[in-house]
């Protein structure tokens, strides 16, 4: 088999290095999110399928508690999490009210170097705006589908998305082997973009209520508020108006603070959250519940000095 | 230590290959399910015990949200998940109302080549019917019990099942070392088997309500409905009668569709689920809640043309 | 590069052995607990940050369902779990109502050889009493803080605790590199210690209600009850009085049993739990709900023959 000791030793080096490199480099984590909950066997089935592809794959959960069929939340979760994960991480996001119909199954490569495997039904909206999309490929199900699953039409999360995501994360396939390249155009949900108003205020939308704390998340970047000349260092009270479908629900001056502990227990505050966007909370309390505020495309927020 | 360079190099090859093989082959995933919930420290204690056996063990969760003491659900979760996991995977299932009494602690090897570590209290019912049981061994607690845990009588999930499961998954013991071989006979829960009726309909039981969607799961295989000459391709409306303890709760013709998206929002449908059994759902809704249907041994379903 | 085949082969051996040792020894598991829930993206962001430190790190969850801001529960969960994990395991515990204020961020080395990364706000109370504290170091955030996170003040769990915990678990830093050594004194929550009364009874506090079963956990060690001459083997009925803020809520004789299955369905029992402390439960029922008992510093329990 080996003609000289040199060949043999070289071979040993190659194997050793390969083993090390394989463990460290060629596999990426697979991160799952869905509206399946964790009560059922669905998530575990997805993980089993992924480990059948590669027994040593690292699998993690983003969340499986997205509100059923809420594609906006799916998008929000992806966009808010991706940046904290290593480049090359493969996200599988399955909120799929149209499973079995003709929405496209895609894998997106973001400008940040991450991958998202998902039905293209709006779940990529905020990813496109935040991380940016470099390339989109449609999953070729003649290749990238769990063998033996052809007659099942209701669980693409397991049979197509987890399977394809695992193959990509384990480097069984390269991104180019997912399927044909599509035009770089995704299905987008419409929402109010943040902007500065002529009267000097800023407006945006309420994108999320963070559970279990009930903190309100907006899409207004801290920089827009900075531009108004407002800073937590001033201990300034900012005028906040929250409207639902155009009708004011909350109108109050509240303190712009560096963190929760800087206001009294039970007091509301405006703050810059961990994503550098403006949020509202009650110190040791629940803002959304206390002031009957929810999130969604028809909830807007206006801030003024 | 090494007489020749050849010996040395050969040794290097052996180590390198061993390292690689060890990582890839000799360890199997450990998959935990229970009625412990994820609020408490119980599951984490089981995982700690397992990692004390082998620090690099892959541990996953099936679900820990089985209804407390519901052995039927434990069985349902196992039978519906096992097939998606690699051969050799070790499942630990702990729903154990009789902990500390004389129910047997066993490890089963299924005909599909998987292992289940569990109290033999009915949790193997559906595994026996679906995967089939090849061999049963009783856990010899003089060997397969966490050292130092002899005086604890209330947490066999941690001290016996997680410990034994981890040893098996990590190949610290072989299946033969679990304990003595038992007669291939498990404790069985009684339930209505699916069958064709003389009048041409089919009958079965409602085995599960899938949360959070409220989809109804039956034990009627798609093939029995195929044999009635019904197909989703026909857009046929099938007569469905659901009874509780013999009394009809739901009687309606509903569409047999390929998937949820093929009927109107809010409309009920009959479909073949991801396990190739018949299910009932409401598109973007909750069938169980809308029609007050539950699951269990006393819930039966009848389908007719 | 290599002068002789001997050097080459030796190099191969070194790499191979290093690879193996690296995988098996130098990394420890990272175990996360918090009051973040699993609905949001917070836990996933912490895990992403940890995997950016070391892509092959083993990450596990203790629980993320601690009651919001309940530092006592955080402490209870740590103290009850640590002992089951391998020496060297790194626990990150984030229940942090004072985030952004001047509470200290610390890493503790316990007498059992485990590490806890946490804000020092009371979360170490029961760890100090159970595992014991060997050394405390304050986290030097000029080194041990996620690069680029300096302007974020609201998510130290991700930016400081997960990041530092991952570095310690992956052996990127040694414990000595966490930051300066502090006096071995932590912030302590006050609670009723268990003790023997002059009249021959024992008193203690109710430290926890175990969900979803509703079992009552006390801080009375089995040994104190042994000393009263009581044993499950006697089938003895013990007098139990539970008081809230000094006012009796429950007064009844109940059986001291070896495990749940030894009393009738629906009957209460006193037992020695898996941590060798006294607990109360209802066989196949919920003690806390049935008898309106809760946990906390103002809930005490008295046992007498």
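Just so it is clear, none of the values below were taken in a lab; they were calculated from the coordinates. Here the structure is a predicted model, which is why all the values come from computation and not from measurement. When we count neighbours, we look across all protein chains shown, and the Cβ atoms used for this are built from the backbone with ideal geometry, even at glycine.
Length gained on full extension, residue B:265 to residue B:233, computed as 0.36 nm times the residue gap minus the Cα-Cα distance: 9.6 nm. Multiplying the residue separation of residue A:175 and residue A:189 by 0.36 nm and removing their Cα-Cα distance gives an extension gain of 2.5 nm. Listed by Cβ neighbour count within 10 Å, with the fewest neighbours leading, C:223, C:93 appear as C:223, C:93. Once you have a ≥ b ≥ c as the square roots of the Cα gyration tensor eigenvalues for segment A:30-92, tell me rounded if a/c is under 1.5, and otherwise prolate or oblate according to whether a/b is larger than b/c. Oblate is the answer for segment A:30-92, as a/c is 1.5 or above yet b/c matches or exceeds a/b. Here the spin labels are modelled as points 7 Å beyond Cα on the Cα-Cβ line, and at residue C:56 and residue C:290 they lie 5.1 nm apart. Looking at chain A, the DSSP beta bridges with both ends there are about 75 percent antiparallel. Rounded to the nearest 10 degrees, what's the angle between the helix C:42-53 long axis and the longest principal axis of chain C, both from Cα atoms, 0 to 90? Helix C:42-53 sits at roughly 40 degrees to that axis. By the gyration tensor of its Cα atoms, with a ≥ b ≥ c the square roots of the eigenvalues, what is the shape of the protein assembly as shown: rounded for a/c under 1.5, prolate for a/b over b/c, or oblate? Rounded is the answer for the protein assembly as shown, as its axis ratio a/c remains below 1.5. Mean sequence separation of contacting Cα pairs (under 8 Å, at least six apart), scaled by the length of chain C, corresponds to a relative contact order of 14 percent.
Compared with the dominant principal axis of the Cα atoms in chain C, helix C:5-21 is inclined by about 20°. Sorted fewest first by neighbouring Cβ atoms within 10 angstrom, A:71, B:53, C:172 come out as C:172, B:53, A:71. Look at the Cα gyration tensor of segment A:39-139: its axes a ≥ b ≥ c give a/c under 1.5, and that counts as rounded. Could you work out the Kirkwood radius for chain A, taking every pair of different alpha carbons, averaging 1/r and inverting it, reported in Å? For chain A, the Kirkwood estimate is 21.5 Å.
For the residues of A:73-80, the average number of beta carbons from a partner chain within 10 Å of their own beta carbon is 2.
Find the centroid of the Cα atoms in segment C:247-269 and in segment A:239-274, then give the distance between the two in whole Å. That distance is 49 Å.
Computed extension length for residue A:142-residue A:112: 7.9 nm, one decimal, from 0.36 nm per residue of separation with the Cα-Cα distance subtracted. Neighbouring Cβ atoms from other chains, within 10 Å of the Cβ of residues in A:272-282, number 3 on average.
Taking the DSSP bridge list for the protein assembly as shown and keeping only pairs wholly inside it, about 75 percent are antiparallel. Partner shielding of C:48-61 amounts to 5, given as the average count of beta-carbon atoms from other chains within 10 Å of each residue beta-carbon.
Exposure proxy shown here: for B:209, A:278, the number of other Cβ atoms within 10 Å sets the order, fewest to most, as B:209, A:278. Helix B:71-81 and the longest principal axis of the Cα set of chain B meet at an angle near 80°.
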